[in-house]
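Remarks on the structure that follows.
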Amino acid sequence: MNFKPFNRYVLVEAVEFTEPEESNTSILVPDGYAKPRQPYGVYRVLDVALDCQKIDGIEMDSLVVVNESMVENITTGPLNAQVILENHILGLYEDKEPR
């Protein structure tokens, strides 16, 4: 896919984390039940529009935290992309233990 964001948009892709395995207990749930969606998600930065302001620490392949409702999914023909405005990036996700 070749998609270049413009107008302060950032091209991102969702990052899936593996959940720790839970004990082997069974709980019956109704058909069609889905886990509640989390309001925030972690995304990998793939590309940044040229007119975006420099945000300290955010580069290509950085992990950022965003509000899931602000992510725009673009699907048209062969194109499938996710973008978000730069000002909707809430912070940088770093997988380091606090000191």
> Carbon and sulfur: what percent of segment 55-99's accessible surface (1.4 Å probe)?
Replying inline: 47 percent
> Can you pull out the chymotrypsin sites (Phe, Trp or Tyr not before Pro) in segment 1-80 that DSSP calls coil and that have at most 10 other Cβ atoms within 10 Å?
Replying inline: Phe6, Phe17, Tyr33
> Summing +1 for each Lys or Arg and -1 for each Asp or Glu, what net charge is found among the other residues whose Cβ lies under 15 Å from the Cβ of Leu92?
Replying inline: -3
> Taking the Cα centre of the chain as the origin and placing charges on Cβ (Lys, Arg +1; Asp, Glu -1), which of Val64, Tyr40, Leu50 is farthest toward the positive end of the dipole?
Replying inline: Leu50
>> Suppose the chain between Asp51 and Lys96 were pulled fully straight at 0.36 nm per residue; how much longer would it get relative to their current alpha carbon spacing?
In response: 13.2 nm
> Here are some values of Cα Rg over 2.2 N^0.38 Å: (i) 1.09; (ii) 1.32; (iii) 0.98. Which one was computed from this structure?
Replying inline: (ii)
>> On a full-extension model of 0.36 nm per residue, what is the gain between Ile74 and Phe6, subtracting their alpha-carbon distance, rounded to one decimal in nm?
In response: 23.1 nm
> Do any GluC sites (Glu not before Pro) in segment 7-82 lie in a loop, going by DSSP, with at most 13 other beta-carbon atoms within 10 Å of their beta carbon, and if so which?
Replying inline: Glu16, Glu21, Glu22, Glu59
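The values are calculated or read from the model by the stated rules, or taken from the named source; none is laboratory data. Just so it is clear, the model here is predicted, and its values are computed rather than measured. Positions of Cβ are generated from backbone atoms using ideal geometry, with glycine treated the same way; all protein chains shown enter the neighbour counts. Surface accessibility is based on the protein's heavy atoms, side chains included, excluding ligands, DNA and RNA. Shrake-Rupley method; radii C 1.70, N 1.55, O 1.52, S 1.80 Å.
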